[in-house]
1. Whole-Hz Karplus ³J(HN,Hα) for segment 175-190, in order, using 6.51 cos²θ - 1.76 cosθ + 1.60 and θ = phi - 60°, x for Gly and Pro?
2. Go through segment 191-205 residue by residue and turn each phi into a ³J(HN,Hα) via Karplus (6.51, -1.76, 1.60, θ = phi - 60°); whole Hz please, and just put x for glycine and proline.
3. Karplus couplings for segment 71-83 from phi (6.51 cos²θ - 1.76 cosθ + 1.60, θ = phi - 60°), rounded to Hz, Gly and Pro as x?
4. Using only Cα atoms, figure out Rg for segment 102-192 and give it as a multiple of 2.2 N^0.38 Å.
5. Output the relative contact order of segment 60-231, whole-number percent, from Cα pairs under 8 angstrom with separation of 6+ residues.
6. Give the cross-link partners of Lys82 among the aspartates and glutamates, using a straight C-alpha distance below 13 Å as the criterion and excluding same-chain residues fewer than 8 apart.
7. In segment 68-129, with Lys and Arg counted as +1 and Asp and Glu as -1 at Cβ, which of these residues, Gln113, Met77, Ile129, has the Cα nearest the positive end of the dipole, that is, farthest along it?
8. With +1 on each Lys and Arg Cβ and -1 on each Asp and Glu Cβ, and nothing else charged, work out how big the dipole of segment 60-231 is about its Cα centre, in Debye to the nearest 20.
Amino acid sequence: FSCFRTKYSKLQRQALMMQLMLRFLIRVIVFGLICDCFVVHQSISKGKYRLDSLHFFGSKSEKVTNPNEEVTDVGLMRLRVKSPDGRNSFPVGDLEFELFGKTSPNGVQVFKQLIENQSYEDKTFHRIIRGFVVQAGEGCEFTPYEDDEAGLALKFGVGALAMSNAGEPNSGNGEFFITTARADELDGKYVIIGRIKSASIKVLKEVEKYGDVEGYIFNDVVIVGAQISGGV
């Protein structure tokens, strides 16, 4: 009987250890979920992350933005991402775009001039906020220009291409940004000059992966070439 009691006690100890391990794992998982919920809540409250950026089952936000605008020019930007040590780079893809030269002539002219002057080459996307926007062109010299009223009236959806500004009317600069989700809070504040082609949305989403919802950038995404391939 003593042998039986010893064996039974060993099984009890094993069962107790399994129970303790299971409780520990459950607590770790619950704690992780609470932390994730807190981060998302903070991001939403700061306007950096929106529920409409979650594209479930082909959300409408994946459709081409401002589909009725007349396209006057097309072009592309060739992108590469640098390795963490900065010694190597790897292709991300070509970001093809369409410009609204009749709707936003001033903004489009500045954007085209900067491309023709190769001002965007070797520039990094210095702002990448997942579920919101990617932005590049920091430090580019530009000719001051007035806002295009018709361009201000367009709506920000996935792939909207717009010029940055200083937060005041007619303060546009040489930086551009592309929204990766609907961004109603930007409507009427920035001039939209074009859109990313639907075939290049996957490249845009690839760029977006190199930043998080707080704007921390994991790897530098660099513009290694840009060109206007012609009018339409």
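Taken together, the values in this text are just the output of simple stated rules run on the coordinates, not laboratory data. The shown structure was predicted, so the numbers you read here are calculated from the model rather than taken from an experiment. Note: ideal-geometry Cβ built from the backbone for every residue, glycine included; neighbour counts use all protein chains shown.
1. Taking θ as phi minus 60°, the curve returns 7, 10, 9, 10, 7, 9, 7, 4, 9, 4, 5, 8, 4, x, 10, 9 Hz for segment 175-190.
2. Along segment 191-205, the couplings run 7, 7, 10, x, 8, 7, 4, 4, 5, 9, 4, 5, 5, 4, 5 Hz.
3. Result, rounded to whole Hz: 8, 10, 9, 10, x, 8, 10, 9, 10, 9, 10, 7, 5.
4. Compactness ratio reported: 1.00.
5. 34
6. Cross-link targets: Asp122, Asp220.
7. Ile129
8. 660
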